[in-house]
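Shown next, in structure tokens, is the structure this report addresses.
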Amino acid sequence: MVGVQKSPPAKGPLQWVRSLWKQSRGLYRVMRANPLSFVGFVLVAITLILAVIVVADPSLIIPYGATQDTGVYREPPTILQWPPSIQHPFGTDQGGRDIYSSVLLALPLDLGIGIGIAGISVLLGGFLGLVAGFWDKPGTLGGACSTVIMRTTDVFLAFPSLILALAIVASIGRGVGAAFLAIVTTWWPFYVRLVRGEVLAVKHLPYVTAARAAGVRESRILTRHVLRNVLDPIIVYFTLDIGTVLVTFSTISFVGAGIPYPGPVPEWGSMMSYYQGNFLLSQYWWYITFPAIAIFVTALAYSLLGDGLRDVLDPRTRRALAEVSHEPPPEDPRFAAESTTAEVLDDASEEALGEAA
């Protein structure tokens, strides 16, 4: 009588908690072995929390409003062009605007722009990359679609992304929407190349070939075997790309194609452009220093986080870092004596061989 194999029981709530606890301990070991990744994780968490607070209730952390023109000050500053102090940590400008408040009020916009553009580029470029990589068969409809997608991608990649984005903004007008559309238009081809290369590397692996030989549907192979194995590099590249998109958007605003400053909503690149073009920075250095530091810290945070995610998501690197984080056990003196004796014997044998030669 052939026994019927029973399916494993479903995990209970307690087992799920234990599984999450084990995964969190492994993540902690990796972060402990790579301190810069932990620093990036903390900085990203801080920026996200500050952005949520600014959107929900900015009065909790922002003492003053964004600009004097909109009249949103709770306590209008009376000190003009004052350097950083206790009352104004980042100083004030010639209009009495508190630069600390302006920098924090610009955080949700710049962070949302970076995450939004990178997210749309991942979805659009990732879908086209899957199609171009998985159905890349000569002489078929999928092969023709792959050729069209890749040749279109080559056309966009032939131009520098920043120059092409500036040209698009110049043709459709300045503003958040124009800059957002311009960067998205130039950013998705990078993900097409990335995803197509990963799909081509995965779809020829033995387990995919075995699944296809067993009669598994192509759609199931794509979602269960191919897509799941290319998500890790996509997530890492997406995290690293947020900082790059933020710098690109700030550059477009810096050259005057973004949001004007002063205005209802400040933006870091526009702030730097306004102060750099109208004031002597050697005398009023705090005007441009703190918006530049905000861009640098935010971009650095996501770069460090992406580097840490690459170590966490790669099983080989994760295992190596987890082993490094463990302290080596104390050495037994007996084995130490044996190893010392073995070293002495090895040295004596080498000397004897040298004399015989």
(Q) Out of the helices (runs of 4 or more DSSP H) lying entirely within segment 116-217, which hold 3 or more residues that are under 30 Å from P260 (Cα atoms) and among the β-branched types (V, I, T)? (A) 161-172, 176-202
(Q) For G173, only one of the following conditions fails: (1) of a type in the set (G, A, S); (2) over 16 Å from L124 (Cβ atoms); (3) touching a helix residue (DSSP H, G or I) at 6+ places or on another chain (Cβ under 7 Å). What is its number? (A) (3)
Q) Scanning segment 96-114 for residues that are not in a loop (DSSP other than H, G, I, E, B) and not hydrophobic (A, V, I, L, M, F, W, C), which turns out surrounded by the most Cβ atoms within 10 Å (Cβ to Cβ)? A) D98
Q.
Being modelled with pLDDT of 85 or more, among the small types (G, A, S), part of a helix (DSSP H, G or I) and within 19 Å of the chain's Cα centre (by Cα) is the requirement here; does G243 meet it?
A. yes
Q) Quick check: is even one residue across segment 193-204 farther than 18 Å from V131 by Cβ and either modelled with pLDDT under 85 or crowded, with 19+ Cβ neighbours inside 10 Å (or both)? A) no
Q: Determine whether P63 is modelled with pLDDT of 80 or more and within 13 Å of I99 (Cα to Cα).
A: no
Q: Kindly list, by first and then second residue, each pair from a residue in segment 144-163 that is at positive phi and without any contact (Cβ under 8 Å) to a residue 24 or more places away in the chain to a residue that is in a helix (DSSP H, G or I) and among the hydrophobic types (A, V, I, L, M, F, W, C), limited to pairs with Cβ atoms under 8 Å and residues at least 6 apart or on different chains.
A: none
Q: Determine if segment 154-177 includes at least one residue that is under 26 Å from V52 (Cα atoms), among the β-branched types (V, I, T) and in contact with a strand residue (DSSP E or B) (Cβ under 7 Å, 6 or more places away or on another chain).
A: no
Q) From the list L124, L107, which residue is more than 30 Å from R220 (Cβ to Cβ) and within 26 Å of the chain's Cα centre (by Cα)? A) L107
Q. Which one of these does T140 not meet: (1) more than 30 Å from H204 (Cβ to Cβ); (2) β-branched (V, I, T); (3) loosely packed, with under 15 Cβ neighbours inside 10 Å; (4) at pLDDT below 85?
A. (1)
Q: Just give me the residues in segment 66-86 being touching a Pro at 6+ places or on another chain (Cβ under 8 Å) and either surrounded by fewer than 13 Cβ atoms within 10 Å (Cβ to Cβ) or at pLDDT 70 or above (or both), in sequence order.
A: D69, T70, R74, E75
Q: Those residues that are surrounded by fewer than 18 Cβ atoms within 10 Å (Cβ to Cβ), among the hydrophobic types (A, V, I, L, M, F, W, C) and closer than 18 Å to P89 by Cβ, I need them from segment 258-299; list them, please.
A: W285, A292, I293, F296, V297
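The values are calculated or read from the model by the stated rules, or taken from the named source; none is laboratory data. Just so we're clear, the structure is a prediction, and the values are computed from it rather than from any experiment. Don't worry about glycine lacking a Cβ; one is built from the backbone with ideal geometry, like all the others, and counts go over all protein chains shown.
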